[in-house]
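Below: one structure, written as structure tokens.
All of the numbers you see were taken from the coordinates with simple rules; none came from a lab. Computed from a predicted structure; not experimentally measured. No Cβ is skipped: glycine too gets one built from the backbone with ideal geometry, and neighbour counts run over all protein chains shown.
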């Protein structure tokens with residue numbers, strides 16, 4: 001029930017901000033649309049028997065997001081240097097990185113954060129390990145990934 | 001009030017210029033690098049850095065809350081789906097390549 | 001693709017917003033670009049994305065083929081009924097003014113909304129049915145053969 | 001300002017089209033198309049600002065959605081040679097992916 005109310009609020013807020021036309025008729029259509037959307041999403045949850053629990057702490061997530069933007073800026077500079085120098089002397093490597101997240105959503109945030117920072121790409125998730133491909137591998141990269149891993153484990157709701 | 005507007009304009013100029021620069025550099029990287037896996041990293045400059053800076057520059061020029069929100073919505077959508085499609089592409093291309101030995105660190 | 005964790009979670013996260021965006025495009029036909037056809041396609045895109053990631057069985061359980069077949073007819077029915085309604089009140093076919101004779105402008109507004117709704121329902125039904133028809137064919141080659 | 005951005009985006013689109021034409025493998029082409037899509041989304045927004053018609057943003061959002069969907073569908077077709085019945089196939093070739 002709590003989930004339904006939360007998603008109702010988020011979807012209705014999205015509708016009101018997308019729409020910009022605040023007439024009674026359009027807002028009524030908005031309510032109808034939100035209810036239809038929730039109906040379909042609940043049906044999907046019911047039939048594929050795979051429910052994603054978005055158990056993350058919102059404010060810590062915002063903090064993580066800002067930290068991630070900084071990381072993206074830093075690694076962009078690294079990759080730009082490589083682009084300007086050409087790829088004659090780069091050291092490509094593929095390696096496994098252990099994750100400490102318990103939930104699916106945590107692992108997905110970790111994999112997508114790795115991909116978002118240019119220079120490293122998550123290739124696949126296999127159980128508790130993520131296969132990472134690095135453009136210009138240095139030993140210090142592993143520390144950066146461990147730092148990211150720790151921060152993401154921090155925003156998960158601990159059981 | 002005027003100072004504020006000038007500051008906003010300067011900031012959005014910087015963002016848009018940096019974003020355009022990153023886009024062109026990413027495209028050069030895609031053209032210049034050898035091998036699929038290196039190109040994947042050049043494309044991710046376009047998908048993260050260039051996209052974020054250009055959309056942020058446009059956000060500062062929006063002048064209307066609804067337009068601002070729509071730009072933020074597009075940015076968030078690309079922010080989530082961009083890495084997802086890159087990840088799917090990489091894992092599809094993995095079939096052609098041998099995986100490394102499993103030793104986590 | 002069933003083992004693909006990132007795709008599964010991202011699809012679950014996005015699909016609700018995509019359906020909402022489709023309905024937004026549907027009901028704002030006269031304020032911003034878009035309208036019935038685009039809304040139907042986006043609505044179908046949400047279900048096609050879901051079907052690609054979670055498989056045909058799941059998506060057909062959520063929206064069974066008989067529903068999409070009925071949707072195709074329902075949209076055309078709405079469209080035609082609006083036309084015939086004005087026809088019988090002594091106006092031209094699809095003359096929206098007939099809906100509220102005292103206020104022709106309002107009638108036009110409601111008429112366009114109704115007709116767009118019909119177009120949207122039909123397009124969504126047709127596109128999803130085409131997807132089902134394509135995907136239901138059994139594949140001819142196995143994974144190891146290429 | 002937006003004129004500069006438009007020109008830069010068009011230049012990058014030309015580079016990516018060159019890559020698309022001179023590509024070596026299938027995945028290179030998917031990569032180029034995917035990057036092209038991202039640039040096109042931003043380009044639609046920039047052109048909307050350039051011509052003072054920000055309602056283009058709805059179209060940009062739609063393009064982003066179609067780009068994502070198209071990439072997933074193409075990759076799935078490469079992987080399984082069919083966009084449909086993955087469930088029976090993925091059981092046969094378990095251990096991959």
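Per-structure values
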item	result
Between 0 and 90°, nearest 10: helix C:36-54 axis offset from chain C longest Cα axis	20 degrees
Spatial separation of Cα centroids for region A:85-121 and region D:31-85, in angstrom	24 Å
Residue exposure sequence - A:14, A:153 - by fewest surrounding Cβ within 10 Å	A:153, A:14
Separation of the residue A:24 and residue C:100 label points, Cα + 7 Å toward Cβ, nm	1.1 nm
Shielding by partners - mean other protein chain Cβ count within 10 Å, residues of A:129-135	4
Average beta carbon contacts from partner chains per residue of C:71-84, 10 Å cutoff	0
FRET E, pair residue D:55, residue A:36, Förster distance 22 Å, beta-carbon r, rounded to 0.05	0.35
Helical contribution to [θ] at 222 nm, DSSP H n ≥ 4, -39,500 (n - 2.57), averaged over chain A, rounded to 500	-21500 deg cm²/dmol
Inter-label distance for residue B:72 and residue A:84, nm, one decimal - labels placed 7 Å from Cα along Cα-to-Cβ	3.4 nm
Cα shape, region A:7-73, gyration tensor, a/c 1.5 rule	oblate
Sorted peptide list for C:76-84, D:42-50, criterion being average Cβ within 10 angstrom, highest first	D:42-50, C:76-84
Relative packing of C:114-124, A:33-43, which averages over residues the other C-beta atoms within 10 Å, highest first	C:114-124, A:33-43
Computed label-point distance, nm, for sites residue A:60 and residue C:92 using a 7 Å Cα→Cβ extension	6.6 nm
Which of A:71, C:105, A:156, A:147 has the fewest Cβ neighbours within 10 Å, and the rest in rising order	C:105, A:147, A:71, A:156
Cα long-axis angle, helix B:51-61 against chain B (0 to 90 degrees, to the nearest 10)	10 degrees
Label-reachable residues, region B:21-39, where backbone N falls under 18 Å from a point 7 Å from residue D:21's Cα toward its Cβ	B:27-33
Kirkwood Rh in Å, taken over all unlike Cα pairs in region B:2-91	14.1 Å
Degrees, to the nearest 10: A:24-47 long Cα axis against longest axis of chain A	60 degrees
Residues residue B:95 and residue C:133, FRET efficiency given R0 of 22 Å [Cβ-Cβ distance, rounded to 0.05]	0.15
Averaged over D:29-40, number of beta-carbon atoms from partner chains that fall within 10 Å	6
